[in-house]
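> Below is one structure. I have some questions about it.
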Amino acid sequence: MDRMWAPWRRAYVSGEAPEQGCLFCRLASATDDAENLVLARGRLAFAVLNRYPYTNGHLMVVPVRHAALFSELEPEEGAALMAGVAAAERAFAEAMSCGGVNGGWNVGRCAGAGVEGHLHLHVLPRWPGDVNFLPAVADVKVVSESLESSYRRLLPFFEGVF
Ligand SMILES: [Zn+2]
């Protein structure tokens, strides 16, 4: 699918040094949460906006530990992930007046995983009519809000979640 919007992707893909290792392990140990669009972090999990969103507010809830599968997680890690999903539900409803939520995860490249080896749950707000004529007819999707704006709107709802 083509996208009409990705103004910051250029800076990301043209950075001086190529990204090394696991993206989510780097985010788990990073310190500049605003720069990295990390909404909340705890001992077991963190939440971060997706830099290549399918919709405004598209975020990911991620275990801190490098684990590929739910079956590798300890129960408290799974509970932390669900706390992040619950926070996303509330944030989408209250900050973005969404009409619904999509969530899911992809394990393995054949399932569509962009980052393999480190489990991450995608959570997306949805609105009535957000599948409009452009994706349906032209295979083009428009994301209307900047990442920084989404980050500022969602951030208060993630305080203390993990
Ligand atoms: Zn990792």
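> Could you look through the range 14-28, keep only residues that are within 16 Å of the ligand (Cβ to nearest atom) and open to solvent by less than 90 Å² (accessible area, probe 1.4 Å), and pick out the one that is modelled with the lowest pLDDT? Steps first, answer last, please.
Initial filter on the range 14-28 (within 16 Å of the ligand (Cβ to nearest atom)): 19-28.
Filter once more, so that each one left must be open to solvent by less than 90 Å² (accessible area, probe 1.4 Å): 21-28.
Working: Gly21: 86, Cys22: 94, Leu23: 94, Phe24: 96, Cys25: 95, Arg26: 95, Leu27: 96, Ala28: 95.
Checking each candidate, the answer is Gly21.
> Let me ask something else. Which residues, counting only those in the range 113-130, are in a loop (DSSP other than H, G, I, E, B) and within 23 Å of Glu77 (Cα to Cα)? Break it down into steps so the answer makes sense when it comes.
Pass one, the range 113-130, residues in a loop (DSSP other than H, G, I, E, B): 113-120, 127-130.
Hits for the range 113-130 are Ala113, Gly114, Val115, Glu116, Gly117, His118, Leu119, His120.
> If I filter the range 132-144 for residues that are in contact (Cβ under 8 Å) with a residue 24 or more places away in the chain and open to solvent by less than 10 Å² (accessible area, probe 1.4 Å), do I get at least one hit?
yes
> Right, another one. Just name the residue that is surrounded by the fewest Cβ atoms within 10 Å (Cβ to Cβ) out of those in the range 93-131 that are away from the ligand (no atom under 16 Å from the Cβ) and among the acidic types (Asp, Glu).
Glu94
> Still on this structure: What about Arg90, is it in contact with a Ser or Thr (Cβ under 9 Å, 6 or more places away or on another chain) and open to solvent by 60 Å² or more (accessible area, probe 1.4 Å)?
On the way: in contact with a Ser or Thr (Cβ under 9 Å, 6 or more places away or on another chain): no; open to solvent by 60 Å² or more (accessible area, probe 1.4 Å): yes.
When the stated conditions are applied, Arg90 does not pass them.
> Given the criteria at pLDDT 95 or above, assigned to a helix (DSSP H, G or I) and either open to solvent by 30 Å² or more (accessible area, probe 1.4 Å) or touching a strand residue (DSSP E or B) at 6+ places or on another chain (Cβ under 7 Å) (or both), does Ala34 qualify?
Numbers: at pLDDT 95 or above: yes; assigned to a helix (DSSP H, G or I): yes; either open to solvent by 30 Å² or more (accessible area, probe 1.4 Å) or touching a strand residue (DSSP E or B) at 6+ places or on another chain (Cβ under 7 Å) (or both): yes.
Taking the combined requirement at face value, the residue satisfies it.
> For residues that are open to solvent by 40 Å² or more (accessible area, probe 1.4 Å) and either in a strand (DSSP E or B) or within 19 Å of Ser97 (Cα to Cα) (or both), tally how many sit in the range 39-60.
Going through the range 39-60, the residues open to solvent by 40 Å² or more (accessible area, probe 1.4 Å) turn out to be 41, 43, 51-52, 54.
From what's left, either in a strand (DSSP E or B) or within 19 Å of Ser97 (Cα to Cα) (or both): 41, 54.
Residues in the range 39-60 being open to solvent by 40 Å² or more (accessible area, probe 1.4 Å) and either in a strand (DSSP E or B) or within 19 Å of Ser97 (Cα to Cα) (or both): 2 in total.
> Still on this structure: Away from the ligand (no atom under 16 Å from the Cβ), at pLDDT 95 or above and outside any loop (DSSP other than H, G, I, E, B), is that true of Ala11?
Answer is no for this residue.
The values are calculated or read from the model by the stated rules, or taken from the named source; none is laboratory data. Since we're looking at a predicted model, the values are computed, not measured. Note that each Cβ is placed from the backbone with ideal geometry, even for glycine, and that neighbours are counted across all protein chains shown. Keep in mind that these areas ignore ligands, DNA and RNA; they rest on the heavy atoms of the full protein, side chains included. Shrake-Rupley method; radii C 1.70, N 1.55, O 1.52, S 1.80 Å.
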